[in-house]
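S.K.: Would you mind keeping the following structure in view while I ask a few things?
Nothing in this text is a laboratory measurement; each read-out follows from the coordinates by a stated rule. Keep in mind the model is a prediction, meaning the values are calculated, not measured. Here the Cβ is made from the backbone with ideal geometry for all residues, glycine too, and neighbour counts use every protein chain on show.
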Amino acid sequence: MQQVSLALVGAGARGSRYTTCATEGGRARLAAVAEPDPRRRAGMLAEHPGALGFEDWRELAARPRVADAVIIATMDADHVEPAVRFAELGYHILLEKPMAVRLEDCRRIIEAAQKSGVVFAVCHVMRYTPYTRAVKAVLDSGRIGEIVSGACP
Ligand SMILES: NC(=O)c1ccc[n+]([C@@H]2O[C@H](COP(=O)([O-])OP(=O)(O)OC[C@H]3O[C@@H](n4cnc5c(N)ncnc54)[C@H](O)[C@@H]3O)[C@@H](O)[C@H]2O)c1
């Protein structure tokens, strides 16, 4: 199995969760984390020995590329600058939704990703898609019995 190396920008609720999902089966390893909160950063580094730690995504972006891909999970207004910069650096990108809070910033991100040719994905909420509605309708119908527990990655 080929292992993907990841950089994490923003080790908060979402970033930590995605990192765990990606690394727990060995499909990916964490190469670097950029997180200003010292406890969150230290926690991530303790879980992923050998990963590089940075206080700010700009410090990570000041280096030549250290990973195949980056997870960007900062707060909404802080998506556009790292997304554009990491695309320019050649990182494949998983960007937490919303892409940005202004349409022109979404366009800047798309342009940067297309120009550099990286794989670019946004973590969209899927709960209102036809697929999810169909699954819910089946569950609500009782067709598979009573639901007693559920898990969300
Ligand atoms: N929490 C959820 O359930 C949820 C669900 C869907 C989408 N989202 C989206 O995910 C994104 C993150 O949400 P969250 O709940 O994980 O927030 P969070 O506050 O837990 O995490 C954001 C992290 O980014 C870090 N950060 C701030 N500036 C930084 C910088 N310069 N460099 C690197 N890291 C920096 C913060 O210190 C923080 O740890 C937001 O865009 C949010 O809308 C969150």
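S.K.: Hey, among the residues in region 29-53 that are touching a Lys or Arg at 6+ places or on another chain (Cβ under 8 Å) and not small (Gly, Ala, Ser), which one's farthest from the ligand (Cβ to nearest atom)?
M.R.: Taking the candidates together, the pick is His48.
S.K.: Only one of these is surrounded by fewer than 17 Cβ atoms within 10 Å (Cβ to Cβ) and either more than 8 Å from the ligand (Cβ to nearest atom) or not polar (S, T, N, Q) (or both): Glu96, Glu81, Glu59. Name it. So that I can check it myself, show each step before the final result.
M.R.: Values: Glu96 fails: surrounded by fewer than 17 Cβ atoms within 10 Å (Cβ to Cβ); Glu81 fails: surrounded by fewer than 17 Cβ atoms within 10 Å (Cβ to Cβ).
The unique qualifying residue is Glu59.
S.K.: Return yes when Ala22 is without any contact (Cβ under 8 Å) to a residue 40 or more places away in the chain and either more than 24 Å from His124 (Cβ to Cβ) or not β-branched (Val, Ile, Thr) (or both) and no when it is not. Quick ask: steps written out before the conclusion?
M.R.: Numbers: without any contact (Cβ under 8 Å) to a residue 40 or more places away in the chain: no; either more than 24 Å from His124 (Cβ to Cβ) or not β-branched (Val, Ile, Thr) (or both): yes.
No: the conditions fail for Ala22.
S.K.: Another question, then. Do you know which of the residues in region 12-28 that are basic (Lys, Arg) and within 15 Å of the ligand (Cβ to nearest atom) is surrounded by the fewest Cβ atoms within 10 Å (Cβ to Cβ)? Write out each step before concluding.
M.R.: Here is the first cut: in region 12-28, the ones basic (Lys, Arg) are 14, 17, 27.
Filter once more, so that each one left must be within 15 Å of the ligand (Cβ to nearest atom): 14, 17.
Working: Arg14: 17, Arg17: 14.
Looking at the filtered set, the residue picked out is Arg17.
S.K.: Right, something else. Where in region 33-118 are there helices (runs of 4 or more DSSP H), lying fully within it, with 1 or more residues that are over 15 Å from Ala7 (Cα atoms)? Outline the logic, then answer.
M.R.: Working: elements: 38-47, 57-61, 80-88, 103-116.
Here the list reads 38-47, 80-88, 103-116.
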